[in-house]
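Handing you a structure now.
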Amino acid sequence: MTVPGDSPAAEWQPGASLSTLEFTADVRRRVRRYFDATGSLEVVTPVLSCAGPSEPAIEPFDTRATAADGRRWLQTSPEFAMKRLVACYGRDVWQLAPVFRRAEQGQRHNREFLLLEWYRVGQDMDELMQDVSALLRATVGEHPPFDRASVTVSYGDCVRQLTGQWPEALTVESIRSLFAARQRHFPESIQAQELDTALDLLFDTFVVSAFSADCPTFVTGYPPSQASLARLAVDTHGRSVASRFELYAGEVELANGFHELVDAAEQRQRFEDEYAERAEAGQVLPAMDEAFLAALEFGLPECSGVALGLDRLAMVALAETSLDAVMSFSDERT
Amino acid sequence: MANYSTNEFKGGLKIMLDGDPHSIISNEFVKPGKGQAFTRTKVRNLKTGRVVERTFKSNESVESADVIDTQMQYLYSDGEHWHFMDPATFEQLQADATAMGDAKLWLMGEETCEVTLYNGEPLAVTPPNFVELAISETDPGVRGDTATGGTKPAHFETGAVVKVPLFIEEGEKIRIDTRNGEYVSRVK
C-alpha cells in the first residue's frame with residue numbers, strides 16, 4: 001500500500017542507456033527532417049487547459065490550480081488545440097507533445113509520454129496511412145519490424161474470422177461463451193451493456209496477440225461506437241464503420257489515426273454522450289472544449305490526423321520490452 | 001478485510017478469488033489507446049497450487065487474503081498432524097497432510113520451515129532448501145565405484161526415496177535438495 005506523499009527509495013539513475021538516449025535523439029531529429037521535407041509546420045500548443053478529454057477511457061490529471069488560476073488540466077492529447085490551428089490556417093501541422101494520462105502504468109504504459117501528433121489537410125485515411133509508413137521508413141526503417149512493408153487488416157474481418165460474426169452481431173454473453181470455449185478468463189464484472197469493453201478484450205486477447213512481429217499491422221474499420229473523433233463511413237460490405245485506424249508492431253499499439261470528423265453538431269452530440277457516460281461512472285468532468293467546437297463550427301477543412309507514441313516506437317525499434325528501458329526517467333524513477 | 005484495487009496489484013500479493021486465497025504471480029496492464037483498461041494476471045491458488053489466468057477491469061477491487069508467511073520450527077509428527085513452533089512466541093501450530101504436501105518427506109525435527117498461514121491456519125509448508133537425512137535402507141555400497149555414475153534408491157524414515165550414487169552406504173547421512181528431491185552430497 002502506497003501512502004500519498006510517500007517517496008520510494010531514491011532511484012537516481014536513468015532507465016535508458018546513453019546509446020538509447022542517442023538513438024531517441026536521432027529519431028526526433030529524423031522526425032523533424034521528415035516534416036520539414038513534407039511541408040508540415042511544427043507547432044507548440046498549451047500543455048495546461050481548462051478543457052479536458054471527453055472519452056470515458058481517458059483520465060486527465062487535475063493540476064489543483066487555485067481559484068484565481070482557474071481549474072486547469074494537463075493535456076491527454078494535443079488534438080483539440082491542433083485542430084483549432086488547422087481550422088484557422090488550413091496548414092499541415094505537427095508537434096511532439098508531452099501528454100499525461102492518469103492510472104496508465106505498466107511495462108508499456110507510462111503516465112507521461114511523448115506523442116507525435118500530426119494533421120494533413122486534404123488527406124483521407126488511406127493517404128495518411130501511407131504517410132505514417134513513410135515516416136516510419138524515414139525514422140526507424142532500418143529496425144525490424146519497420147524494415148518490412150506493413151499489412152492492413154479490417155477489424156470486422158478479424159472478428160468475423162474469429163467468431164463467425166460481425167462485431168455488431170456479438171453480445172457480451174456470446175463473447176463470454178467464446179472465452180469459456182477457449183478456456184480463457186473473462187471478467188465476471190463486465191455487464192451486458194458493456195459491449196465495447198467486451199470487444200476490446202476480445203480483440204486484444206485473440207486478434208492483436210496474433211499479429212505478426214515481423215511487420216507493422218494497420219487495423220481499419222473500427223465499430224462506429226469506437227469512432228471517437230473520426231467520421232463514419234460505409235465499408236465494402238455495406239456496414240457502418242469508423243474512419244479510424246490503429247497501427248501495431250506485433251502486439252504493441254503505436255498509433256491511432258482518424259479521418260477527422262468535421263461536423264460540429266455531431267461532434268457536440270458525441271461529447272455530450274461521452275460526458276453523460278463519464279458522469280454516470282462518477283468520473284471527473286473537465287469543461288467541454290467549446291473553443292474546439294467553435295473552430296469546428298467555423299469550419300475544419302477536410303483532413304486526417306494521427307497520434308503516434310514516440311517512446312513505444314523507440315522501444316519496439318530497439319527490441320526492448322519496457323518503456324523504462326527507453327525513457328530517461330519513467331514513472332518508476334520520478 | 002481490506003480490498004486491493006487493480007492498480008495496487010504486484011507479484012506476491014495475496015487475494016481472495018472464488019473463496020480461495022491466491023497469490024499473484026504476474027500482472028500486466030492492458031489498454032488500447034481509445035479503449036477500456038484491463039489488468040491481466042496469473043495467479044496461484046494457494047490451496048491447490050493450480051496456476052490460472054484472471055483478467056480484471058481496471059479499478060475493480062478484490063478482497064485481500066489473510067495470508068502470511070512465517071518462519072517456524074518443526075517439532076514432531078503424531079502421524080496425523082505435523083507440529084510447528086514459533087521460535088519467538090513459542091506458540092504451537094499443527095499442519096495436516098494436505099498443508100504439508102511433499103514437505104513431510106524431508107522433516108525429522110528442528111528444521112526451520114516457512115509456514116504459510118491462512119486465517120491463522122497452516123495452508124502450506126515449505127521445507128528448507130537443503131536437509132540432511134540418514135539413510136534407513138539401501139542396497140549395499142559398491143566400494144570404490146565413484147565413477148560410473150550409476151544410482152540406486154535410498155529409503156528414509158520419513159518415507160522419502162532418493163536416488164543416490166552406488167558407493168553410498170545404509171546409515172550414512174546425505175544432503176538433499178528439497179526443491180527437486182535430489183541427492184547433493186555425503187555429510188561427513
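Rule-based calculations on the coordinates, nothing more; no lab input. Because the structure is predicted, anything quoted here is derived from the model rather than measured. Heads up, the Cβs are rebuilt from the backbone with ideal geometry, glycines too, and the neighbour counts pull from every protein chain shown.
Sort B:Trp106, A:Trp166 so the one with the fewest other Cβ atoms within 10 Å of its own Cβ comes first. Don't skip to the answer; put the middle values down first.
On the way: B:Trp106 26, A:Trp166 15.
Listed from fewest to most nearby Cβ atoms, that is A:Trp166, B:Trp106.
Still on this structure: Percent of Cα-Cα pairs per 10 Å bin, from 0 to the last occupied bin, for the stretch A:128-210, please list those.
Reading upward from the zero bin: 15, 38, 22, 20, 4.
Sticking with this structure for a sec: Quick one: putting +1 on the C-beta of Lys and Arg, -1 on the C-beta of Asp and Glu, what dipole do you get for the protein assembly as shown around its Cα centre, in Debye to the nearest 20?
On the way: 50 positive and 80 negative charges, 228 e Å.
Value, rounded to 20: 1100 debye.
Right, another one. I'd like the FRET efficiency for A:Trp12 and A:Thr321, computed as 1/(1 + (r/R0)^6) with the beta carbon distance as r and R0 of 30 Å, rounded to 0.05.
Values: r = 23 Å, r/R0 = 0.77.
The calculated FRET efficiency here is 0.80.
Which residue fluctuates most in the GNM of chain A (Cα springs below 10 Å): A:Glu112, A:Glu272, A:Glu280?
Of the options given, A:Glu280 has the highest mean-square fluctuation.
How would A:Glu246, A:Glu55, B:Glu114 line up from fewest to most surrounding beta-carbon atoms within 10 angstrom?
On the way: A:Glu246 22, A:Glu55 19, B:Glu114 14.
So the residues, fewest neighbours to most, are B:Glu114, A:Glu55, A:Glu246.
Suppose each label sits 7 Å from its Cα in the direction of the beta carbon; what would the A:Arg30-B:Glu137 distance come out to in nanometres?
Roughly 7.2 nm, to one decimal.
In addition: Using Cα centres only, tell me the gap between the stretch A:155-195 and the stretch A:202-277 in whole Å.
Value for the Cα centre distance between the two parts: 18 Å.
Give the order of B:His81, A:His259, A:His237 when sorted by the count of other beta carbons within 10 angstrom, beginning with the fewest. Each step should come with its number before you reach the end.
Numbers: B:His81 16, A:His259 24, A:His237 12.
Fewest to most other Cβ atoms nearby, the residues stand as A:His237, B:His81, A:His259.
If you don't mind, there's one more thing I want to ask. Run the paramagnetic zone check for A:Glu251: 7 angstrom along Cα to Cβ, then residues of the stretch A:291-318 with backbone nitrogen under 20 Å.
A:309, A:312-318
Same structure again: How large is log10 I(q)/I(0) at q = 0.18 Å⁻¹ when the Debye formula is applied to the Cα atoms of chain B, each weighted equally and without solvent?
After summing over all Cα pairs, the log10 values are -1.10.
Turning to a different aspect of this structure: Quick check: convex hull of the Cα atoms in the stretch A:1-137, volume per residue, rounded to a whole Å³?
It comes to 174 Å³ per residue, whole-number rounded.
Counting only DSSP beta bridges with both residues in the stretch A:1-114, what percent are antiparallel, rounded to the nearest 5?
Details: 7 of 9 bridges.
Percentage antiparallel, nearest 5: 80.
Nearest 0.05, what FRET efficiency do A:Glu272 and A:Ser19 give at R0 = 45 Å with Cβ-Cβ as r? Provide the component values of the computation, followed by the final result.
Details: r = 49 Å, r/R0 = 1.09.
So the FRET efficiency works out to roughly 0.35.
Dividing the convex hull volume of the alpha carbon atoms of chain A by its residue count, what do you get in Å³ per residue? Let's see the in-between values first.
Details: hull volume 53.3 nm³, N = 334.
Taking the convex hull of the Cα positions in chain A, it is 159 Å³ per residue.
Counting only the backbone N, which residues of the stretch B:27-52 are under 15 Å from the spot 7 Å out from the Cα of B:Ser5 toward its beta-carbon?
Within reach of a label on B:Ser5: B:37-39.
My understanding is that a pair violates if its Cα-Cα distance is over 24 Å; which of B:Lys42/B:Lys163; B:Lys10/B:Lys104; B:Lys163/B:Lys188; B:Lys34/B:Lys57; B:Lys42/B:Lys104 do that in this structure?
Working: B:Lys42/B:Lys163 34 Å; B:Lys10/B:Lys104 31 Å; B:Lys163/B:Lys188 19 Å; B:Lys34/B:Lys57 15 Å; B:Lys42/B:Lys104 28 Å.
Listed pairs above 24 Å: B:Lys42/B:Lys163; B:Lys10/B:Lys104; B:Lys42/B:Lys104.
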